[in-house]
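Shown next, in structure tokens, is the structure this report addresses.
The values are calculated or read from the model by the stated rules, or taken from the named source; none is laboratory data. What you see is a predicted model, and the numbers here were worked out from it, not measured in a lab. Because the Cβ atoms are built from the backbone with ideal geometry, glycine has one as well, and the counts that use them run over all protein chains shown. Calculation scope for accessible area: heavy atoms of the full protein, side chains included, ligands and nucleic acids excluded. Shrake-Rupley method; radii C 1.70, N 1.55, O 1.52, S 1.80 Å.
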Amino acid sequence: MRALSVSTAGWPRRGVVLAAIAVVLWITRWPLAPKYLYHFDSVNFALALEKYDPLWHRPHPPGYPLLVGLMRVLHWFLPQAEQVLLWAGVIAGALAVWLLWWFGETLYGPRAGFVAALLLLFNPALWRAGAITQARTFLAMVSVAVAFMAWRVWQGNGGRKWFYAFSLLFGLAAGFRPDLCVLLLPLWLGSGIRSKRTMRDLLVGAVLFAAGILSWFGYLLYAVGGPAQFYEWLRLYVPVQFRDTRFQMGGFWRMAWAAVVWNGLGALGWIWAVPFRLRRLAGFDWRSAPFLVLWFVPGFLFQALVHVGDADQTLATIPVLCLVGGRVLSSCAP
């Protein structure tokens, strides 16, 4: 069976594919979404639609300024906060699946990209986020988008101009999920080094990355009352948020095990096929492996050693396993 191609299609066809993915997400998430918001993350974002005041957890740290901005735009057309959050999750989820499809084609071919997209589309963590904690779907969207841009740099395409553009866009994209500007930073640096960017290029890229961050971080500082208030805000929040990572009563080990299990949801659909296809996989060009490791490991270590509370908090790393799964399962076809 010939898989539908995204990367080789024209933009009108790509738009149709993206819309089709959004429809599937809406149809599958809408019946499962609660009638009333009950998860505290979603409630905080709903409050931020009326007044952006991170100091009073509207929303909670680290503030998510661009995500709140997008939700406010949706709020112009959708009166109820429940609808706004649901549609925000559909948009982010559709973009994540669509971009992973395209990325998978670029790495391993059309069939692998198609399978990788299916693995993410029906991943339990993405289902949970799309129905209950929609803001977390942006973990997948930003992670895949940044990785896709980084891969082009990694391959040496576009020269220094693309590296500069990538650096700026990376900083901007972090405004949707500020934690990813740290977790994906090794991927940015590794891509620059791998593409043999000069020290000057790296310094300019770092400045542009910082400029992208400042475009939204400056507003966040203003909203909380300045740097001192921002520090105090995080100082009070972090011990409460990370209390379950302590060694006492096995909290640390529970987090590490949860990171393994919840990331493993991205491998359940394909891990069974590995023993049957070792010969084909052994002959495959795995030059993308260091890139995937650099994309996956920092986020996984953060989840295992610092904090992970729910399955959908692993959505920044699950797409990596879906890509590998797309490669494995596509090798099963004759």
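Within segment 35-47, track down each residue that is part of a helix (DSSP H, G or I) and either of a type outside the set (Val, Ile, Thr) or buried (at least 19 other Cβ atoms within 10 Å of the Cβ) (or both). Write out each step before concluding.
Residues of segment 35-47 part of a helix (DSSP H, G or I): 40-47.
Within segment 35-47, PHE40, ASP41, SER42, ASN44, PHE45, ALA46, LEU47 qualify.
Test LEU234 against the criterion of being within 25 Å of the chain's Cα centre (by Cα) and not aromatic (Phe, Trp, Tyr), and give yes or no.
When the stated conditions are applied, LEU234 passes them.
Restricting to segment 151-208, name every residue that is assigned to a loop (DSSP other than H, G, I, E, B) and under 21 Å from the mean Cα position of the chain (by Cα).
ALA174, GLY175, PHE176, ARG177, PRO178, ASP179, LEU184
Give just the number: which of (1) open to solvent by 30 Å² or more (accessible area, probe 1.4 Å); (2) of a type in the set (D, E, K, R); (3) closer than 22 Å to ASP310 by Cα does GLU50 not satisfy?
It is condition (3) that GLU50 fails.
The rows are residues; the columns are (1) at pLDDT 80 or above; (2) closer than 30 Å to ASP53 by Cβ; (3) among the small types (Gly, Ala, Ser).
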{"position": "TRP233", "(1), (2), (3)": "yes, yes, no"}
{"position": "GLN241", "(1), (2), (3)": "no, yes, no"}
{"position": "VAL261", "(1), (2), (3)": "yes, no, no"}
{"position": "PHE284", "(1), (2), (3)": "no, no, no"}
{"position": "SER288", "(1), (2), (3)": "yes, no, yes"}
{"position": "PHE291", "(1), (2), (3)": "yes, no, no"}
{"position": "LEU294", "(1), (2), (3)": "yes, no, no"}
{"position": "PHE302", "(1), (2), (3)": "yes, yes, no"}
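What about PHE252, is it part of a helix (DSSP H, G or I), modelled with pLDDT of 70 or more and not polar (S, T, N, Q)?
So PHE252 does not fit the description; no.
Of the conditions (1) open to solvent by 80 Å² or more (accessible area, probe 1.4 Å); (2) at positive phi; (3) not small (Gly, Ala, Ser), LEU32 clears all except one; give me its number.
The single condition LEU32 does not satisfy is (2).
A quick yes/no check of all residues on (1) within 25 Å of ILE27 (Cα to Cα); (2) open to solvent by 30 Å² or more (accessible area, probe 1.4 Å); (3) among the aromatic types (Phe, Trp, Tyr); (4) touching a strand residue (DSSP E or B) at 6+ places or on another chain (Cβ under 7 Å):
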site: VAL90; (1), (2), (3), (4): yes, no, no, no
site: LEU120; (1), (2), (3), (4): yes, no, no, no
site: ASN123; (1), (2), (3), (4): yes, no, no, no
site: TYR164; (1), (2), (3), (4): no, yes, yes, no
site: ALA173; (1), (2), (3), (4): no, no, no, no
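What pairs can you find where one residue is in segment 28-46 and farther than 20 Å from LEU67 by Cβ, the other is of a type outside the set (Val, Ile, Thr), and their Cβ atoms are less than 6 Å apart, with a gap of 6+ or different chains?
Filtered contacts from segment 28-46: LEU32/ALA131.
How do the pairs read when you match residues in segment 107-124 that are on the phi > 0 side of the Ramachandran plot with residues anywhere that are open to solvent by less than 30 Å² (accessible area, probe 1.4 Å) and of a type in the set (Gly, Ala, Ser), using Cβ under 7 Å and keeping only pairs 6 or more apart or on different chains?
GLY109/SER330
Quick grid of which residues meet (1) under 15 Å from the mean Cα position of the chain (by Cα); (2) within 16 Å of ARG14 (Cα to Cα); (3) β-branched (Val, Ile, Thr):
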site	(1), (2), (3)
PRO79	no, no, no
TRP101	yes, yes, no
ALA112	no, no, no
ARG128	yes, no, no
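Got at least one residue in segment 59-74 being farther than 22 Å from ALA173 by Cα, of a type outside the set (Asp, Glu), open to solvent by 30 Å² or more (accessible area, probe 1.4 Å) and within 20 Å of the chain's Cα centre (by Cα)? Give the derivation first.
Residues of segment 59-74 that are farther than 22 Å from ALA173 by Cα, as a first pass: none.
No, segment 59-74 contains no residue that is farther than 22 Å from ALA173 by Cα, of a type outside the set (Asp, Glu), open to solvent by 30 Å² or more (accessible area, probe 1.4 Å) and within 20 Å of the chain's Cα centre (by Cα).
How about segment 131-148: which of its residues are modelled with pLDDT of 95 or more and surrounded by fewer than 24 Cβ atoms within 10 Å (Cβ to Cβ)?
ALA145, PHE148
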